[in-house]
1. Restricted to the stretch 210-224, and to residues that are in contact with a Gly (Cβ under 9 Å, 6 or more places away or on another chain) and either within 13 Å of residue 155 (Cβ to Cβ) or assigned to a strand (DSSP E or B) (or both), which residue is modelled with the lowest pLDDT?
2. Scan the stretch 225-254 for residues that are part of a strand (DSSP E or B) and either among the polar types (S, T, N, Q) or closer than 16 Å to residue 153 by Cα (or both) and jot them down.
3. Residue by residue through the stretch 57-92, note down the ones that are more than 20 Å from residue 6 (Cα to Cα), at pLDDT 95 or above and touching a strand residue (DSSP E or B) at 6+ places or on another chain (Cβ under 8 Å).
4. Kindly provide the set of residues from the stretch 49-94 that are among the charged types (D, E, K, R) and under 24 Å from the mean Cα position of the chain (by Cα), ordered by number.
5. When the stretch 110-131 is examined, which residues are found to be in a strand (DSSP E or B) and surrounded by 20 or more Cβ atoms within 10 Å (Cβ to Cβ)?
6. Which of the residues that make up the stretch 160-178 are aliphatic (A, V, I, L, M) and farther than 19 Å from residue 114 by Cβ?
7. Checking residue 227 against (1) touching a Pro at 6+ places or on another chain (Cβ under 8 Å); (2) at pLDDT 95 or above, which test does it fail?
8. Taking the condition of being of a type in the set (S, T, N, Q) and under 16 Å from residue 252 (Cβ atoms), how many residues in the stretch 167-198 meet it?
Amino acid sequence: MTALISDFNRATKAWLHVTEKYPLKAATLIYQGALVAIESATGYLVNAANTIGLEVIGISEGNYDNSAGANGDLWADVTVQDLAKLETTGATQAWVGKMLYIVDDNTVSLADPGNGIKAGICHVVESSTIVWVWVGVGKLLPSEKRSLSVYIPDISTASTFYILSPFAGEIVSIKSVLEGTIATADAVLTPTINATAITDGAITVANGSVAGDIDSATPSALNVLAAGDYISIATDGGSTNAVGVHVMFTIREA
């Protein structure tokens, strides 16, 4: 099964059959009948794909060509949370009721191809290559939050520590807790993903903070992880006193 290369009259069965309008991302062509998604980094509509940071919302109602346009120059009608007939491979009756994942804008799979992009819940298996899916229902399900932690033995000595993420997701919160009192100046903790700084992810631990003090940051961008990416956390060593600090990354799993 392959991605669409032309408009396709996608078979659907009304459930809610709600149509909403969404602005297209720049340089994007969406065919009629394509599975579509919101790109979390920009908020614009794109073709569904096995790409980290996408949230599938429905089926394109028409052909929308924003190939030469900027973000939001063109808006698309999208049928959201509807039952749609989609292509796959190897489907069996045991798929019914299970979450299916995006392969491309025309194809779904029971096995996650690697980035955890949810298409929706399998409702009917018509054949080994055709399934009916409640598209976009995955976005209604609560996303599981997991955490990764790093221990820095001395916040007052400039150093960097690393941890691998075994799962894909979005870092939604970063928190630190001190083991003792720091002095002289603030200490700044700066996180990255694969050496790229996380926007609004830095934590400032104020001069005079004591054991048990908790500080936090809420990332706003460049905070999406793929499975196998590494997170680093660096202290600038601006403070004095050899004090340990625990740092926890809360991740909404893809």
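1. So in the stretch 210-224, the residues in contact with a Gly (Cβ under 9 Å, 6 or more places away or on another chain) come out as 210-211, 217-220, 222-224.
Filter once more, so that each one left must be either within 13 Å of residue 155 (Cβ to Cβ) or assigned to a strand (DSSP E or B) (or both): 210-211, 217, 224.
Values: 210: 97, 211: 96, 217: 95, 224: 88.
Within the stretch 210-224, the match that is modelled with the lowest pLDDT is 224.
2. Our first condition is that a residue be part of a strand (DSSP E or B); within the stretch 225-254, this holds for 225, 230-235, 240, 245-253.
Residues satisfying the conditions are 232, 233, 234, 235, 240, 245, 246, 247, 248, 250.
3. If the condition is that a residue be more than 20 Å from residue 6 (Cα to Cα), at pLDDT 95 or above and touching a strand residue (DSSP E or B) at 6+ places or on another chain (Cβ under 8 Å), then 71, 72, 73, 89, 91, 92 are the ones that fit.
4. Residues of the stretch 49-94 that are among the charged types (D, E, K, R), as a first pass: 55, 61, 65, 73, 77, 82, 85, 87.
Listed by number, the residues that qualify are 55, 77, 82, 87.
5. Of all residues in the stretch 110-131, those in a strand (DSSP E or B) come to 118-125, 130-131.
If the condition is that a residue be in a strand (DSSP E or B) and surrounded by 20 or more Cβ atoms within 10 Å (Cβ to Cβ), then 118, 119, 120, 121, 122, 131 are the ones that fit.
6. The initial filter retains those residues of the stretch 160-178 that are aliphatic (A, V, I, L, M), namely 163-164, 168, 171-172, 174, 177-178.
Those that are aliphatic (A, V, I, L, M) and farther than 19 Å from residue 114 by Cβ: 163, 172, 174, 177, 178.
7. Against the list (1) touching a Pro at 6+ places or on another chain (Cβ under 8 Å); (2) at pLDDT 95 or above, residue 227 comes up short only on (2).
8. Our first condition is that a residue be of a type in the set (S, T, N, Q); within the stretch 167-198, this holds for 173, 176, 181, 184, 190, 192, 194, 196.
From the residues that got through so far, the ones that are under 16 Å from residue 252 (Cβ atoms) too are 173.
Number of matching residues: 1.
The values are calculated or read from the model by the stated rules, or taken from the named source; none is laboratory data. Small disclaimer: the values here were computed from a predicted structure and weren't measured. Cβ atoms come from the backbone with ideal geometry, glycine included; neighbour counts cover every protein chain shown.
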